[in-house]
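Report on one structure; see the data block that follows.
The values are calculated or read from the model by the stated rules, or taken from the named source; none is laboratory data. Just so it is clear, the structure is predicted and the values come from calculations on it, not from any experiment. Glycine also receives a Cβ, built like all others from the backbone with ideal geometry; neighbour counts cover every protein chain displayed. Each accessible area value is taken on the protein alone, full model and side chains, heavy atoms only, with ligands, DNA and RNA left out. Shrake-Rupley method; radii C 1.70, N 1.55, O 1.52, S 1.80 Å.
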Amino acid sequence: MAQKPPAGKIKNFFADLGRHLRPDSSPNPSRSPSPNPNPTPPTDRQEQPEQRNIVKDYGATVWKATEMALRLLEKNADGFPPLKTAIGALVTCLDVAKDVIGNREEYTKLAVQFKDTASALEPYASKLAASDARGSIALILKSIDEEVAEINRKLERGKFKRAVEATDDQGDILARYHKIDSLFRRLLSDVTLRTYVEIEKLRKATDETLLRTLVPVDDARYNSAYSTAVKRRACTASTRAQILDDLRTWVKDPNGSKVFWMNGMAGTGKTTILYSFSKWLEDDKRLAGNFFCSRASALCGDLNNITRSIAYQLAHYSPAFRSELCKILEEKQNPHALYVGEQFKWVVATPLEKSKDAIPDGAAIVIDALDECNNTSATASFLQVLLSYATDLPIKFLVASRPEPVILKNMQTPNFSHSVLRLHDIEQSLIEADIKLYLQEALSTVSPVPPPDVIDQLTRQSGKLFIYAATVARYVNPEDKVVNSETRLGAILGISSSSPSLQEQELDKLYMTILLSAFDKDNFEKEELETASLILRIVICAIEPMTTSTMSTILALRQGDVTSALSRLQSVLHVQEGTSGLVSVLHASFPDFLCDKARSHEFHCDTIEHNTKLAHSCFDVMSKEFHNLESSYDSDSDVPDLEEKIQANISAALLYACKYWSNHLVHCDLTTSIHSKLLEFLKFRLSFWMEVLRLTKPMSMVSIISNTLAWFTPKALDHTFKETEKELYYAELFVNLTCTPVYDARYNSEYSTVVKRHGCTASTRAQILDDLEMWVKDPQGTKVFWMNGLAGTGKTTILYSLCKRLEKNQRLAANFFCSQASTACCDLSNIVGSVAYQLAHYSPAFRSQLRKILEREKQNPHMLNVGEQFKLIMESLQNSKDVIPDGVVIVIDALDECGNVSVTTLFLKVLMTYATHLPIKFLFASRPESVILKNMQAPNFSPSILRLHDTEQSLVEADIRVYLRKALYTMSPRPSSEVIAQLATRSGKLFIYAATVVRYINPEGINVDSQKRLKTILGMSSSSPNLQYQGPGLDNLYTGILSSAFDRAYFKEEELDIATLVLRTVICAIEPMTISTMSMILALEQEDVASTLSRLRSVLHVQQGPSGLVSILHPSFPDFLFNKDRSQEFYCNIVEHNTKLAHSCFDVMSKEFHNLESSYDSDSDVPDLEEKIQANISAALLYACKYWGDHLVHCNLTEDIHYKLLEFLEFRLSFWMEVLKLTKCISKGSQMLSNVLAWLTCKAPNHTFKETEKKLYDAELFVKTFSSAGSVERREHAYYTNPVLTNTSTVSIIPSAQK
């Protein structure tokens, strides 16, 4: 065995290399240094012999130093064999370089380049270790080997010295040496992107744990253990050769398309081809990631897992990518938990873009069977984001699927060029040749071996379907049992042979033959056939594969009977060995066949019937096994051997039942027996079910209950099962209270970056933060702390920093940061659910008490107001006070930004009633709005109060100076101390002034003349701030920024009109819009909207990308614009602009409603419903449908507005209801109409518009009845009878709508 090299040997080599190549070092240590060992080369190009000799001597000296350094590297690179091999090969051909490179300047330049690269690599040499001998570094070194080999090939030709005198050969060899230098530089890029600390850290388990938070699906790798479960394999040798060669050519071509789509019908061999190609990519160090989807596995069929798994594999392929990804995972809160578009952006695209210089050409990501993912809308989103980023990424993507509509549509996106291969369009003779080779190999062990004419017949019967040939091989010559192969082969050959067709004919006959054999009535008892039939259909209908043990428990059958039945079906099913072996379908074409009665005849699988059977079985398993679960008031971390207890008490069958009872239920009819099982579950087993899912963390409880409720309500329209409906609503509320928080409202959520939320600059606000932390810890302190201050005094930033401190010390029980820029974050009713959710995860005792209280309530908790719901939390806290530690707090920021004054009052009154007796503290921040001030000053209630605007001016200014110095540090030249002091003085006590100045002078991602903008700010008048409304300081700042954005000297009148319209739309919008949505709402060109917004980034936030939302940065800005005395020429008239938006909403609905199709089918019977919703209901139409009423009630009642409203009620009401129903916003409809009716009667007290008033009343009653009846999935998709249009009495309309 070779002696292990001393530590740091490679590093020492690079030090030696640097010494050899420095100008003051001798090229040969055995000789004395010359007086001028590294002379400066002459630049005069005159043809003088002396000068030519000097050039020659200089080049020889430099090259000799390089050559010696590389030989030393070869000797010392034992610790990293791939590098040693590459250098050794380079040295062997280096000697002759000086003889073949005719251009002496190029010769010298090349030597200097090698010298510089080696010197630059010196500090990073120690980072190269054995673990780097794979992935991107391995490909770089492999490419060096290939270039050296090609140089040697040219040099080894006979009499090479004469041969290479040709200019072409000289140029080619020189170009290859330059390519080698380029590859060494790429190696340098890779290692320099990783710091020593990051590499060491990554090698520790903590970093692997960080990457493991991505939760990659290992089963989805092409060669995983699961791949054997589904019989995944490579192509037979010598088959599919041309296709594989074409794929290799594509991946190596640096100018080729970034995306390759290989599509083909079921059975054409896509997966097998991609398996072989993935293996080649991996062997050639080009496989950056792969994900093989499979509908037979819940994890492999969930599209949300693709991005996370690919990111995890990329992190192990490229160290540079890993470094960038780990930064993101550390800095952002669970970016992989976002929706698929944001996931891809943060965990794949962004780190790839940042590390692209270190990723070699020709690396690829492979995704197979994309059509087998269970969510078509998610598939569409994934493809959209992939295609939007692919062109700019340093990696290629190969996607395989059937040509399903959702994939086909996205792959045909205009302006995107990708490669396409349609397997079912390949010439028949080529496929037959490959299938013939496969059959010859697969049947070679049959005795006697089938003769050539039999192989030819089987090949013809297979047509273009490899799955046919594979199924024949498994049936005739199974691997794991002895059969009469000759008899079975005769049965296959006896199938009547019509011309092969990709439309299933031959495959159907094959499947029928196999099933007739497995269900032969002459060989099996009736009971055996019934058991086998049940098992086969359960395998087909199961949401994820079960083991034989789980299946026997679910179906209440003996395991031996299950095993026996499955043994006869192994030509079409795969059964893994052992008790933990999963049972799954071998190919997607088999369930397609069984679920089509016209194809499978007596073997038809009725999905309703067998999902009903499985729903019953799931309820029975839960009923039987829930008694094994223990109750506990301890947190999970305090339960000894928790994982062992979970394993012992939660069987695989119970877990399957808990996860999927609803999936089976929603495919059933509502029978008496199903209803009885459901009601029993809701009454007696709901909490146990929640506990199992909480402990095992497999999926969302909310979606399970919501889907069940959506299925139940249309099935029981006449309220036959009223009690069950009530129980479902209760269950939905309970689950929502504890499981559906508004994640955006957390202090450090992804949304917090959208609204530019962040912590205090280091060393600022220190005294305030210390005082708050001391209050939290003080057991004798007040239970409520109210921090108030005018807009811009820094309340949110202080609370962000405090939350970070408290969370680190396990004192943050819950937090909710309100924001008027988000409808979810400014709805005070959402605080209850979010706080309950976080408390339930913070304290198991609280969770248990809340569950008991909700079970005790006799009225429907779903109908409680915010105050009553909050009481439930208060009571639960009281009942669990003995186990909640001291010094724990709930933080709520910007309470004044919640839009409903009465709800805010109710919320505060309940809090004040209970606060003194609770085991937890509450910290609120808000402006000193009258409604909050009044409640905080209530008698017999004494909260702690901090008024930020009363803080001493000098303390605030000192903090603002620190902030400005750090925020403007990157300016060139940096502002002087005097300028910083001047800006701080102008800011007064308003941090928002300072922050807006920074965004204006030194914006992120935009090139501006920062010095000119700074002079503009300093040139503004600087009267002292008046804290009644943030004073002239902030007003002058906003005015200055807007004057620049609306400069009449630079912009045309039309441009200024557009900019004004866009700005006021952002201010008046009910929820933030994207640029695309805004352009549609306002009927403007998207470029005009984007151009306007680019000038307003100091006061507005514009997210990047087509789906990026536009929102205000701080509430002080709309306050300024809505006050005419302050904003003057920039004043936004609320009535005028809401009128404009109401008109726009009506116009959008008028224009786009024609895209909606009418249908009498239920939602579940409409093919591709989600895709149709995505295609036909634009974001602009959805905004118009949700918020036309909100804008209307701020308008004056003009003739134009009245006409638009009447037209809407007469001709578009039903379409509007349809949009709200499909997008699950129907509950908003009746309240909107009620508000509009109240507005109309107020604006027309003399019943001037009596007809419109009556239509509004009828419409409100109809929508209210429709939504309260729970018609989530009704029979009509465009209403047959419109009560407003026909003037039919409401009494006669409502019953017909409920039928």
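Can you tell me which of (1) buried (at least 19 other Cβ atoms within 10 Å of the Cβ); (2) in contact with a helix residue (DSSP H, G or I) (Cβ under 9 Å, 6 or more places away or on another chain); (3) under 30 Å from ALA470 (Cα atoms) is the one GLU372 doesn't meet?
For GLU372, the failing item is (2).
What number of residues within region 1159-1174 are in contact with a helix residue (DSSP H, G or I) (Cβ under 8 Å, 6 or more places away or on another chain) and modelled with pLDDT of 60 or more?
Pass one, region 1159-1174, residues in contact with a helix residue (DSSP H, G or I) (Cβ under 8 Å, 6 or more places away or on another chain): 1162-1163, 1166, 1168-1171, 1173-1174.
Retained after the next criterion (residues that are modelled with pLDDT of 60 or more): 1163, 1166, 1168-1171, 1173-1174.
Looking only at that region, the number is 8.
When residues of region 1100-1137 are filtered for being part of a helix (DSSP H, G or I), in contact with a strand residue (DSSP E or B) (Cβ under 9 Å, 6 or more places away or on another chain) and open to solvent by 50 Å² or more (accessible area, probe 1.4 Å), how many remain? It would help to see each step written out before you state the result.
In the first step, residues of region 1100-1137 are kept if they are part of a helix (DSSP H, G or I); the result is 1116-1121, 1124-1130, 1134-1137.
Retained after the next criterion (residues that are in contact with a strand residue (DSSP E or B) (Cβ under 9 Å, 6 or more places away or on another chain)): 1117-1118.
Those left that are additionally open to solvent by 50 Å² or more (accessible area, probe 1.4 Å): none.
Result for region 1100-1137: 0.
Could you go through region 222-234 and let me know if any residue there is within 29 Å of the chain's Cα centre (by Cα), open to solvent by 70 Å² or more (accessible area, probe 1.4 Å), under 25 Å from ILE137 (Cα atoms) and at pLDDT below 85.
Looking through region 222-234, none of the residues is within 29 Å of the chain's Cα centre (by Cα), open to solvent by 70 Å² or more (accessible area, probe 1.4 Å), under 25 Å from ILE137 (Cα atoms) and at pLDDT below 85.
Would you confirm whether any residue within region 669-687 is assigned to a loop (DSSP other than H, G, I, E, B) and out of contact with any Phe, Trp or Tyr (no Cβ under 8 Å at 6 or more places or on another chain)? Walk me through it before giving the result.
The initial filter retains those residues of region 669-687 that are assigned to a loop (DSSP other than H, G, I, E, B), namely 669-671, 685.
This time we only want the ones that are out of contact with any Phe, Trp or Tyr (no Cβ under 8 Å at 6 or more places or on another chain), so: 669, 671.
There is at least one residue in region 669-687 that is assigned to a loop (DSSP other than H, G, I, E, B) and out of contact with any Phe, Trp or Tyr (no Cβ under 8 Å at 6 or more places or on another chain).
Out of everything in region 587-608 that is without any contact (Cβ under 8 Å) to a residue 40 or more places away in the chain and part of a helix (DSSP H, G or I), what residue ends up being surrounded by the fewest Cβ atoms within 10 Å (Cβ to Cβ)?
The qualifying residue surrounded by the fewest Cβ atoms within 10 Å (Cβ to Cβ) is ALA598.
I need every pair where a residue in region 937-958 that is under 26 Å from ALA981 (Cβ atoms) has its Cβ under 6 Å from the Cβ of a residue that is of a type in the set (Val, Ile, Thr) and surrounded by 14 or more Cβ atoms within 10 Å (Cβ to Cβ), sequence separation at least 6 or different chains.
From region 937-958, the pairs are LEU948/THR793; HIS949/THR793.
May I ask you to list the residues in region 475-485 that are surrounded by fewer than 18 Cβ atoms within 10 Å (Cβ to Cβ) and touching a residue at least 40 places away in the same chain (Cβ under 8 Å)?
PRO478, ASP480, LYS481
So, in region 1056-1099, how many residues would count as being under 26 Å from the mean Cα position of the chain (by Cα) and either of a type in the set (Asp, Glu) or buried (at least 20 other Cβ atoms within 10 Å of the Cβ) (or both)?
Residues flagged as under 26 Å from the mean Cα position of the chain (by Cα) and either of a type in the set (Asp, Glu) or buried (at least 20 other Cβ atoms within 10 Å of the Cβ) (or both) within region 1056-1099 amount to 7.
Restricting the search to region 334-359, which residues are within 22 Å of LEU141 (Cβ to Cβ) and either in a helix (DSSP H, G or I) or open to solvent by 10 Å² or more (accessible area, probe 1.4 Å) (or both)?
The initial filter retains those residues of region 334-359 that are within 22 Å of LEU141 (Cβ to Cβ), namely 352, 355-359.
The answer is LEU352, LYS356, ASP357, ALA358.
Out of (1) open to solvent by less than 10 Å² (accessible area, probe 1.4 Å); (2) at pLDDT 90 or above; (3) of a type in the set (Ser, Thr, Tyr), what's the single condition that is false for THR531?
Unmet for THR531, out of (1) open to solvent by less than 10 Å² (accessible area, probe 1.4 Å); (2) at pLDDT 90 or above; (3) of a type in the set (Ser, Thr, Tyr): (1).
Are any of the residues in region 445-460 within 41 Å of the chain's Cα centre (by Cα) and not in a loop (DSSP other than H, G, I, E, B)? Give the derivation first.
Filtering region 445-460 down to residues within 41 Å of the chain's Cα centre (by Cα) leaves none.
There is no residue in region 445-460 that is within 41 Å of the chain's Cα centre (by Cα) and not in a loop (DSSP other than H, G, I, E, B).
Within the group ARG999, ARG986, which residue is touching a residue at least 60 places away in the same chain (Cβ under 8 Å) and either open to solvent by 30 Å² or more (accessible area, probe 1.4 Å) or part of a helix (DSSP H, G or I) (or both)? Walk me through it before giving the result.
Values: ARG986 fails: touching a residue at least 60 places away in the same chain (Cβ under 8 Å).
Answer to the selection: ARG999.
Anything in region 1184-1240 that is among the polar types (S, T, N, Q) and under 24 Å from SER1079 (Cα atoms)? List them, or say none.
Within region 1184-1240, the first condition is being among the polar types (S, T, N, Q), and the residues that meet it are 1196, 1198, 1214, 1223, 1227, 1230-1231, 1234-1235.
If the condition is that a residue be among the polar types (S, T, N, Q) and under 24 Å from SER1079 (Cα atoms), then THR1223 is the only one that fits.
Can you find a residue in region 305-327 that is outside any helix (DSSP H, G or I), under 28 Å from VAL742 (Cβ atoms) and open to solvent by 10 Å² or more (accessible area, probe 1.4 Å)? Full working, then the answer.
Applying the first criterion (outside any helix (DSSP H, G or I)) to region 305-327 yields 318.
Adding the requirement that they be under 28 Å from VAL742 (Cβ atoms) leaves none.
No, region 305-327 contains no residue that is outside any helix (DSSP H, G or I), under 28 Å from VAL742 (Cβ atoms) and open to solvent by 10 Å² or more (accessible area, probe 1.4 Å).
Can you tell me how many residues in region 277-302 are surrounded by fewer than 21 Cβ atoms within 10 Å (Cβ to Cβ), more than 25 Å from the chain's Cα centre (by Cα) and not charged (D, E, K, R)?
1
Please verify whether SER444 is free of Cβ contacts under 8 Å to residues at least 12 places away in the same chain, open to solvent by 20 Å² or more (accessible area, probe 1.4 Å) and either within 23 Å of ALA369 (Cα to Cα) or among the small types (Gly, Ala, Ser) (or both), treating the condition exactly as stated. If you could, list the steps in order and put the result at the bottom.
Working: free of Cβ contacts under 8 Å to residues at least 12 places away in the same chain: yes; open to solvent by 20 Å² or more (accessible area, probe 1.4 Å): yes; either within 23 Å of ALA369 (Cα to Cα) or among the small types (Gly, Ala, Ser) (or both): yes.
It is true that SER444 is free of Cβ contacts under 8 Å to residues at least 12 places away in the same chain, open to solvent by 20 Å² or more (accessible area, probe 1.4 Å) and either within 23 Å of ALA369 (Cα to Cα) or among the small types (Gly, Ala, Ser) (or both).
Which of (1) more than 41 Å from the chain's Cα centre (by Cα); (2) without any contact (Cβ under 8 Å) to a residue 40 or more places away in the chain is the odd one out, the single condition ARG961 does not satisfy?
(1)
Listed residues SER401, SER377; which is hydroxyl-bearing (Ser, Thr, Tyr), under 26 Å from the mean Cα position of the chain (by Cα) and at pLDDT 85 or above? Reasoning before the result, please.
Numbers: SER377 fails: at pLDDT 85 or above.
Every option except SER401 fails the conditions.
When the residues of region 255-276 are narrowed to those that are part of a loop (DSSP other than H, G, I, E, B) and open to solvent by less than 10 Å² (accessible area, probe 1.4 Å), which ends up nearest to THR239 (Cα to Cα)?
We begin by selecting, within region 255-276, every residue part of a loop (DSSP other than H, G, I, E, B); these are 255-258, 264-269.
Those left that are additionally open to solvent by less than 10 Å² (accessible area, probe 1.4 Å): 264, 267-268.
Details: GLY264: 17, GLY267: 15, THR268: 13 Å.
Applying the filter and picking the extreme gives THR268.
What pairs come up if the first residue lies in region 1230-1253 and is without any contact (Cβ under 8 Å) to a residue 40 or more places away in the chain, the second is crowded, with 16+ Cβ neighbours inside 10 Å and among the charged types (D, E, K, R), and their beta carbons are under 7 Å apart, counting only those six or more places apart or on different chains?
Listed by first residue and then by second, the contacts come to SER1230/GLU1260; SER1230/LYS1264; SER1234/GLU1260; LEU1237/GLU1260.
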